[in-house]
Amino acid sequence: MMNKDTALVVFSGGQDSTTCLFWAKREFKKVYALSFLYGQKHQKEVELAKEIARKADVAFEVKDVSFIGQLGHNSLTDASMTMDKEKPADSFPNTFVPGRNLFFLSIAAVYAREHGINHLVTGVSQTDFSGYPDCRDAFIKSLNVTLNLAMDEQFVLHTPLMWRDKAETWALADELGILELIRNETLTCYNGIPGDGCGCCPACQLRREGLEKFLAMK
Ligand code: ZN
């Protein structure tokens, strides 16, 4: 029996998934947060995620799926690789972890099923998808159908950020009353520095440009 009042958020402790966590708290009676260790160089993001989940008063769990980072080469899990500063014209940036959202959401769905949860929330965005194909709406809709067929369940995948750019994601954080928490306590930076981050990696640039745009239109 699925509980219609409960949602599971795929949660990394970054800007996007933290915004989704508080969005889920507004939309559902009970919220769970699930984080993954996927061999990322900066595992302290999981400690920060745990702390944010504690403040948000949501159940928190971590699953170790480190093998997915080793299946394909990428600069988020391989310390010997230099991170692409921008997307190459003819391929993905090497920060792309192939299959990451496919694995995360599939595992989250099995976990959710075990806990009687049918609402799954993820912070992917097609608007600011950095060239990652598994952040696009068509993938999420396709996976939603696949998960339902795979387990004969009625999962609903929620993507509150799908059509928001970073400035609009900041605006949602403001609307949810968590602007300062997002600014100071989340970790988006590829170099593992919380808050405003290193300032120069692609994730920091996207985050900062969005913040500046949001503050200018506020
Ligand atoms: Zn950075």
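The values are calculated or read from the model by the stated rules, or taken from the named source; none is laboratory data. These figures come from a predicted structure and were not determined experimentally. No Cβ is skipped: glycine too gets one built from the backbone with ideal geometry, and neighbour counts run over all protein chains shown.
Kindly list the number of the only condition in (1) away from the ligand (no atom under 16 Å from the Cβ); (2) within 27 Å of TYR111 (Cα to Cα); (3) modelled with pLDDT under 95; (4) among the hydrophobic types (A, V, I, L, M, F, W, C) that fails for ALA150.
For ALA150, the failing item is (3).
Return yes or no: is GLY177 closer than 25 Å to LYS50 by Cα and at pLDDT 95 or above? Break it down stepwise before answering.
Working: closer than 25 Å to LYS50 by Cα: yes; at pLDDT 95 or above: yes.
Spelling it out, GLY177 is indeed closer than 25 Å to LYS50 by Cα and at pLDDT 95 or above.
Scan the stretch 166-188 residue by residue and report those that are touching a Lys or Arg at 6+ places or on another chain (Cβ under 8 Å) and part of a loop (DSSP other than H, G, I, E, B).
LEU176, LEU187, THR188
Counting only residues that are near the ligand (Cβ under 7 Å from one of its atoms) and under 14 Å from GLY13 (Cα atoms), which one in the stretch 188-202 is surrounded by the fewest Cβ atoms within 10 Å (Cβ to Cβ)?
Taking the stretch 188-202 and keeping what is near the ligand (Cβ under 7 Å from one of its atoms), we get 189-191, 193, 197-201.
Then drop every residue that is not under 14 Å from GLY13 (Cα atoms), which leaves 189-190, 193, 197.
Values: CYS189: 22, TYR190: 21, ILE193: 16, GLY197: 21.
Taking the candidates together, the pick is ILE193.
Does GLY210 satisfy the criteria of being under 17 Å from THR127 (Cα atoms) and either near the ligand (Cβ under 8 Å from one of its atoms) or small (Gly, Ala, Ser) (or both)?
Working: under 17 Å from THR127 (Cα atoms): yes; either near the ligand (Cβ under 8 Å from one of its atoms) or small (Gly, Ala, Ser) (or both): yes.
Yes; evaluated as a whole, the condition is true for this residue.
Restricting to the stretch 69-100, and then to whatever is at pLDDT 75 or above and surrounded by fewer than 20 Cβ atoms within 10 Å (Cβ to Cβ), can you tell me which residue is nearest to CYS20 (Cα to Cα)?
Among those residues, the one meeting the criterion is GLY99.
Mind counting the residues in the stretch 34-53 that are in contact with a strand residue (DSSP E or B) (Cβ under 7 Å, 6 or more places away or on another chain) and charged (D, E, K, R)?
Of all residues in the stretch 34-53, those in contact with a strand residue (DSSP E or B) (Cβ under 7 Å, 6 or more places away or on another chain) come to 34-37, 43, 46, 49-50, 53.
If we keep only those that are charged (D, E, K, R) too, we end up with 50.
Within the stretch 34-53, residues that are in contact with a strand residue (DSSP E or B) (Cβ under 7 Å, 6 or more places away or on another chain) and charged (D, E, K, R) number 1.
Would you mind telling me which numbered condition in (1) modelled with pLDDT of 95 or more; (2) over 19 Å from ALA24 (Cβ atoms); (3) buried (at least 21 other Cβ atoms within 10 Å of the Cβ) ALA138 fails?
Status for ALA138: all satisfied but (3).
Return a yes/no flag: does the stretch 154-162 have any residue that is within 16 Å of the ligand (Cβ to nearest atom), assigned to a loop (DSSP other than H, G, I, E, B) and closer than 22 Å to GLY99 by Cβ.
No: zero hits.
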